[in-house]
Amino acid sequence: MKILVVDDEKDVKILFQQRFRKEIKKGELNFVFAFSGEDALNIMKTMEQEAVLILSDINMPGMSGLELLETIKKNYVKPPPVVMMITAYADEENHTMAKKLGADDFLTKPLDFKLLKEKLITLT
């Protein structure tokens, strides 16, 4: 499964590569990283018709994760990507807005990688 991780913090790439080292090595998971909402949309244009899971931070400069979510849910219907929103703020407003815009799941930072792995396994 190809997973697009969208976060303005560049150290997220190293963290995911470390935490999912075995799954990446076995070819079970393939991570692609974007460091802004705009970057994510450009990458998605090259990933058409691939099974895609998107893990997106909500609070980013430029296009927010919620704006990205809205654009993805409006413009990408085949196949419909699964979008999990990630935020350091577990506030009800962001959670409600993400669900309203079509988020499939909602995770808080710091990420619980054990929980994330369990969620990814159920999707594959």
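Nothing in this text is a laboratory measurement; each read-out follows from the coordinates by a stated rule. In this text the structure is predicted, and so the values were computed from the model without any measurement. Every residue, glycine among them, receives a Cβ derived from its backbone with ideal geometry; neighbour counts consider all protein chains shown.
Some observations on this one:
- With only the Cα atoms considered, the chain has a convex hull volume of 98 Å³ per residue.
- Across the options Phe35, Tyr89, Leu4, the greatest Cα extent toward the positive end of the charge dipole of the stretch 2-123 (unit charges at beta carbon of Lys, Arg, Asp, Glu) belongs to Leu4.
- The HN-Hα couplings worked out from phi for the stretch 26-36 by the Karplus form 6.51 cos²θ - 1.76 cosθ + 1.60 (θ = phi - 60°) are 6, x, 6, 10, 10, 9, 10, 10, 10, 10, 6 Hz, whole numbers, x standing for Gly and Pro.
- The charge dipole of the chain, taken about its Cα centre with unit charges on the Cβ atoms of Lys, Arg (+1), Asp and Glu (-1) only, comes to about 620 debye.
- The simple Förster model, with R0 at 22 Å and r as the Cβ-Cβ distance, assigns Lys114 and Asn59 a FRET efficiency of 0.40.
- Extending 7 Å from the Cα toward the beta-carbon at both Lys99 and Leu123 defines two label points whose distance is 1.9 nm.
- Which of Ile86, Ile54 has the fewest Cβ neighbours within 10 Å, and the rest in rising order: Ile86, Ile54
- Estimated [θ] at 222 nm from DSSP helical runs (n ≥ 4, -39500 (n - 2.57)) normalised by residues in the chain, nearest 500: -12500 deg cm²/dmol
- Loop-resident sites, the stretch 33-122, for GluC sites (Glu not before Pro), counting at most 10 other Cβ within 10 Å (DSSP): Glu48
- Here Glu38 and Glu9 are evaluated by their C-beta separation; at R0 = 22 Å the FRET efficiency comes out at 0.85.
- Sparse-neighbour loop sites [trypsin sites (Lys or Arg not before Pro); the stretch 1-101; at most 10 other C-beta within 10 Å; DSSP]: Lys10, Lys26
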